[in-house]
Amino acid sequence: MEINRKWLSVSMVFLAIAMAILATTSSVAAQSATRTLPDSVAPGETFEVRIEATDYGMAGQVIETLPEGFSYVNSSLSPSQVTQEDQTVKFTLFGETSFTYNVTAPSVEGTFTFSGILKDFQKNEYKVEGDTEIAVKSISITFIPPTPENGTEITVDYVNVTVFVEALNPISTVWLNWNGVNRTMYIIDINTWSYEMTNLTNGEYSYVVYANDTAGNLGVSESRVVTVNVPEFDPWSYDTNGDGKIDKDEAIAAVLDYFAGKITKEQVIEVILLYFSA
Ligand SMILES: [Ca+2]
């Protein structure tokens, strides 16, 4: 009996410790894991996936399911923390709040989906949030400044469209499709093509850029919309003293604006006609 009682008290102490651990690990309710993927990669490219995991308790597991055709390479964790079976890779975490792993994309183009779960120390499961989709493409076309952001309204009658093109093979041609009409773009820098649409009338325009490479692949950018809204020109805006006439100094102001590129020749002539008729 004496021994049993001692054993019981020892067990109680262990139980208390275990409960304390459980309490600290389950009191935090913000278990989460987030994945960061590149938007697009080239066929066969090896790229990095980043995972942030928080509040999983003493230890946790991130179980990632790679899309068909993708192969696991290595990770920032020690190899003892990683087990792999086919497309399932288990990363066992012991204190780490983030890690990365490298994956090789398949040789085929397409859009693929990653999925995964975070298992906390209580073995509760949480979906890995963040990025899930990745595009595998031979040609990647990205709009760069001064291209207007999608959906913007501009007050000038020209639009400069410039793209950065990344490709596995040499690029043959890059062309702008502006409201359905194609125009060949000019190379202006390494991997950079540009085209300026001018004399645009007010209205909404949609555009997209295509590129092909020497291997016959076709790449396409996102499509964008821009609204051109050039304010109507009022020659009387140069009547700055408001006397109903265009005076000599007011006509000169218009001429200076013309030479500064602020108004067109047609517009400055409208002002000059009002000056002569005063
Ligand atoms: Ca005046």
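Values in this text are rule-based calculations from the coordinates and carry no lab data. Remember, predicted model here, so these are calculated numbers, not experimental data. Counting neighbours? That spans all protein chains shown, and the Cβs are built from the backbone with ideal geometry, glycine included.
Can you list the HN-Hα couplings for region 104-120, worked out from phi with the Karplus curve (6.51, -1.76, 1.60; θ = phi - 60°), rounded to whole Hz and with x for Gly and Pro?
9, 6, x, 7, 8, 7, x, 10, 10, 10, 8, 9, x, 10, 9, 10, 7
Viscosity 1.306 mPa s, temperature 10 °C: Stokes-Einstein D of region 139-228 from its Kirkwood Cα radius, in µm² per second?
121
In Å and whole numbers, how far do the C-alpha atoms of region 235-277 stretch along each principal axis, longest first?
Largest first, region 235-277 extends 27, 17, 14 Å along its Cα principal axes.
Using only Cα positions of region 53-180, each an equal point scatterer, no hydration layer, compute I(q)/I(0) via Debye at q = 0.11, 0.13, 0.14, 0.20 Å⁻¹ and quote the log10 values to two decimals.
These q points yield log10 I(q)/I(0) values of -0.60, -0.73, -0.78, -1.12.
Would you tally the net charge around LYS119, using a Cβ to Cβ cut-off of less than 13 Å, leaving LYS119 out, and scoring K and R as +1, D and E as -1?
-1
In cubic angstrom, how much convex hull volume per residue do the alpha carbon atoms of the chain span?
206
Give the whole-number value, in cubic angstrom per residue, of the convex hull volume spanned by the C-alpha atoms of region 40-95.
Taking only Cα atoms, region 40-95 has a hull volume of 91 Å³ per residue.
Add +1 for every Lys or Arg and -1 for every Asp or Glu among the other residues with Cβ under 15 Å from the Cβ of GLU48, and state the total.
Combined, the nearby Lys, Arg, Asp and Glu give -3.
From the helices alone, meaning DSSP H stretches of at least four residues, give me the mean residue ellipticity at 222 nm for the chain, per-run term -39500 (n - 2.57), in deg cm²/dmol to the nearest 500.
It lands at -6000 deg cm²/dmol.
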